[in-house]
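The values are calculated or read from the model by the stated rules, or taken from the named source; none is laboratory data. Model, not experiment: these values are computed from the prediction. Please note: Cβ atoms are built from the backbone with ideal geometry, for glycine as well, and neighbour counts cover all protein chains shown. All accessible areas refer to the heavy atoms of the entire protein, side chains included, with ligands and DNA or RNA removed. Shrake-Rupley method; radii C 1.70, N 1.55, O 1.52, S 1.80 Å.
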Amino acid sequence: DRQTLVAVLQFLRRSNLRESEEILRREARLLGDDLGAAALSPTGTGLLGAAGGDADSAGENALLSRVTAAATIAIGGSAAAVASSSPGVAAVAAVPPGKGVVVEDQPDVSAVLSAYNQQGDPTLYEEYYSGLKHFIECSLDCHRAELSQLFYPLFVHMYLELVYNQHESEAKSFFERFHGDQECYYQDDLRVLSSLTKKEHMKGNETMLDFRTSKFVLRISRDSYQLLKRHLQEKQNNQIWNIVQEHLYIDIFDGMPRSKQQIDAMVGSLAGEAKREANKAKVFFGLLKEPEFDVPLDDEDEEGENEEGKPKKKKPKKDSVGSKSKKQDPNAPPQNRIPLPELKDSDKLDKVMNMKEAARRVRLGPECLPSICFYTFLNAYQGLTAVDITDDSSMIVGGFADSTVRVWSVTPKKLRSVKTAADLSLIDKESDDVLERIMDEKTASELKILYGHSGPVYGTSFSPDRNYLLSCSEDGTVRLWSLQTFTCLVGYKGHNYPVWDTQFSPYGYYFVSGGHDRVARLWATDHYQPLRIFAGHLADVTCTRFHPNSNYIATGSADRTVRLWDVLNGNCVRIFTGHKGPIHSLAFSPNGRFLATGATDGRVLLWDIGHGLMVGELKGHTDTIYALRFSRDGEILASGSMDNTVRLWDAVKAFEDLETDDFTTATGHINLPENSQDLLLGTYMTKSTPVVHLHFTRRNLLLAAGAYSSQ
């Protein structure tokens with residue numbers, strides 16, 4: 001490690017990165033003064049000589065990249081024994097921000113791969129692997145399930161090592177002999193792997209590079225780990241031990257080993273499970289206090305009752321709307337934690353309307369299921385790729401593969417544009433109905449088509465005040481449209497690749513987008529650059545959702561993980577693993593405590609955000625789940641899938657009596673109910689229409705949407 005440190009210092013000096021060198025040296029003093037002194041000596045004496053004063057830069061690059069890879073591992077507690085570098089170095093390598101440093105996101109390919117230097121005899125690889133396999137299969141049941149997690153990462157790394165060192169025939173026979181033993185949910189990764197048969201193939205393959213640079217995380221009990229370590233050291237099986245130390249991160253916990261079911265529920269993502277440390281940060285999942293303002297009483301209702309000579313019903317006077325939520329939620333973030341836009345008068349009016357609708361809301365439950373109204377897009381030969389419905393259910397928008405965005409009015413009220421500037425100047429600005437007068441009746445129609453994108457439109461989102469509409473596309477842009485003029489106001493360029501999803505914050509002003517470049521970006525409508533960039537996923541960010549309090553954003557990815565990001569500082573505060581395929585839908589419960597996620601594996605997983613734990617698994621769909629939505633009060637979860645069904649689940653029952661004690665949180669010993677069929681309240685088939693979007697109206701009518709497919 002000292003040699004590495006000195007090599008890094010030399011490299012920084014040669015690249016004229018003085019500041020980084022200073023920081024590194026300050027950190028190095030923490031490791032020991034003698035090292036600091038030795039590193040300071042400019043000539044090749046002492047330690048420096050040992051590192052090789054004129055070490056060629058390729059070697060240093062390799063060292064450096066290895067340190068950088070190590071730096072991404074937060075070394076904590078019991079895992080320190082397994083990680084290959086000392087905590088000091090890990091801390092140091094994370095510091096230098098200089099240009100010369102290999103940035104973790106875009107690793108220098110040759111340096112990364114050179115970690116697969118020639119080790120061991122290629123003909124013995126099969127023997128090594130089958131020896132370990134035999135040992136694990138013969139171990140006690142309680143350890144076998146845990147140790148079986150090693151099969152997949154070892155298989156991949158040993159195969160890549162053989163390919164990298166150009167032992168192509170050995171690699172081929174190794175793959176053919178053992179690929180059938182891997183878990184079924186790794187099939188897609190193995191297909192990619194089987195196409196890498198030459199050293200040259202490895203350079204362009206992003207997935208494999210990620211596999212190389214990020215350590216595969218396994219969660220194993222201390223007993224199982226000791227057993228493995230003893231076996232490998234007795235057998236002198238250095239090849240496998242080297243891979244375990246170099247490429248795996250073993251998160252050791254004290255306590256009972258986990259069962260096969262518990263492990264199966266949590267594994268399956270590209271980089272293994274999440275480290276326990278990753279889900280320790282505090283999350284303010286409570287809701288913000290609603291602003292208080294006076295609600296005018298309806299007179300019409302009272303008059304209607306009076307006509308037939310019945311006595312007037314006395315309505316209890318409501319002094320202010322926010323009366324029910326006067327107390328601040330203890331789990332809520334501070335009101336001013338992130339700046340939110342002020343409420344305009346029109347927003348207050350809308351809130352009042354919302355309250356009135358809510359008073360007539362149907363209380364849902366197992367005995368009272370919602371009616372479902374399905375909007376089918378017929379003859380959508382343009383290819384429907386995205387749908388959204390306004391919060392008040394007055395408009396519906398479709399994004400299409402022919403790059404158009406089409407907005408329909410769902411109510412009898414037609415869509416109208418604002419008059420031209422010349423006509424507007426003639427209007428009496430003081431009149432009461434000025435908002436009506438500015439609208440041009442001649443433009444009234446049920447459908448407006450918005451042109452501007454140059455590729456399929458993959459995501460659409462209405463602003464909460466219904467003045468704006470977002471759309472994101474394969475062309476790499478997110479566009480903001482005005483629903484007053486039905487024209488494009490801004491094109492936000494930040495993603496260089498297709499943008500898969502976008503969504504407005506529940507408070508407006510902010511929005512999030514996620515795309516093929518593996519990052520999600522947070523924007524504000526009045527900034528043309530993103531405010532935050534959330535980087536960490538190992539594959540496309542396929543869907544994005546704001547938490548109801550707007551302080552957090554959830555992203556689902558093709559790396560089969562869901563991450564929760566803090567809007568304030570851009571940190572990743574939760575990593576949820578357990579899906580076996582790319583994630584395509586996310587929904588927060590209305591109270592902000594839970595998250596539901598759906599993926600291509602046809603499972604809906606339920607997560608407790610505060611504890612960072614999986615608390616439920618809903619099985620039933622047979623194809624990708626593209627839509628998830630909780631009812632307005634959170635009693636029912638609706639899921640819509642490519643299998644042409646909408647399913648309703650009992651969310652109250654799913655979230656009651658959760659075992660979220662400290663032990664479960666610490667070890668991930670989750671106990672999911674065996675049978676999710678008890679939670680299924682109903683399945684509703686369409687004739688031949690995959691469900692792309694779901695929406696509960698303010699009165700809890702469920703709206704669903706999709707395009708009829710004739711196959």
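Only one of the numbered conditions (1) out of contact with any Lys or Arg (no Cβ under 6 Å at 6 or more places or on another chain); (2) more than 15 Å from Asn551 (Cβ to Cβ); (3) in contact (Cβ under 8 Å) with a residue 40 or more places away in the chain is not met by Tyr528, and that is (3).
Of all residues in segment 468-527, exactly one satisfies the criterion of being outside any strand (DSSP E or B) and among the basic types (Lys, Arg), namely Arg518. Residues that are among the acidic types (Asp, Glu) and either in contact (Cβ under 8 Å) with a residue 24 or more places away in the chain or surrounded by 13 or more Cβ atoms within 10 Å (Cβ to Cβ) (or both) within segment 174-205 comprise Asp181, Glu183, Asp188, Asp189, listed in sequence order.
Close Cβ contacts (under 6 Å, 6 or more residues apart or on different chains) running from residues in segment 228-256 that are farther than 19 Å from Tyr159 by Cβ to residues that are charged (D, E, K, R) and surrounded by fewer than 16 Cβ atoms within 10 Å (Cβ to Cβ) comprise Ile252/Arg222; Asp254/Arg222.
Filtered by the rule that a residue be over 30 Å from the mean Cα position of the chain (by Cα) and hydroxyl-bearing (Ser, Thr, Tyr), segment 343-389 gives Ser346, Ser371, Tyr381. When Gln226, Gln239 are checked against the criterion of being modelled with pLDDT under 85 and among the polar types (S, T, N, Q), a single residue qualifies: Gln239. Among the criteria (1) open to solvent by 20 Å² or more (accessible area, probe 1.4 Å); (2) not in a loop (DSSP other than H, G, I, E, B), the one Thr460 does not fulfil is (1). Only residues that are assigned to a loop (DSSP other than H, G, I, E, B) and touching a Phe, Trp or Tyr at 6+ places or on another chain (Cβ under 6 Å): list them for segment 591-634, please. Matches in segment 591-634: Gly592, Arg593, Ile609, Gly610, Ser631, Arg632. Please determine whether any residue of segment 257-270 is part of a loop (DSSP other than H, G, I, E, B), open to solvent by 30 Å² or more (accessible area, probe 1.4 Å) and in contact with a strand residue (DSSP E or B) (Cβ under 7 Å, 6 or more places away or on another chain). There is no residue in segment 257-270 that is part of a loop (DSSP other than H, G, I, E, B), open to solvent by 30 Å² or more (accessible area, probe 1.4 Å) and in contact with a strand residue (DSSP E or B) (Cβ under 7 Å, 6 or more places away or on another chain). Yes or no: segment 158-166 includes at least one residue that is more than 22 Å from Leu209 (Cβ to Cβ), surrounded by fewer than 21 Cβ atoms within 10 Å (Cβ to Cβ) and in the same structural domain as Arg191 (by the TED database). Looking for residues that are more than 22 Å from Leu209 (Cβ to Cβ), surrounded by fewer than 21 Cβ atoms within 10 Å (Cβ to Cβ) and in the same structural domain as Arg191 (by the TED database), one finds none in segment 158-166, hence no.
Do the conditions hold for Lys429, that is, is it more than 26 Å from Ala380 (Cα to Cα), in contact (Cβ under 8 Å) with a residue 12 or more places away in the chain and not polar (S, T, N, Q)? No, not satisfied.
Screening Gly592, Gly570 for residues that are at positive phi and in contact (Cβ under 8 Å) with a residue 60 or more places away in the chain leaves exactly one candidate, Gly592. Would you please name the residue that is farthest from Val541 (Cα to Cα), looking only at residues in segment 457-512 that are free of Cβ contacts under 8 Å to residues at least 60 places away in the same chain and of a type in the set (Val, Ile, Thr)? Looking at residues that are free of Cβ contacts under 8 Å to residues at least 60 places away in the same chain and of a type in the set (Val, Ile, Thr), I get Thr487. All of Arg521, Arg545, Arg574 fail the test of being among the charged types (D, E, K, R), under 18 Å from Gly476 (Cα atoms), out of contact with any His (no Cβ under 6 Å at 6 or more places or on another chain) and crowded, with 21+ Cβ neighbours inside 10 Å, apart from Arg521.
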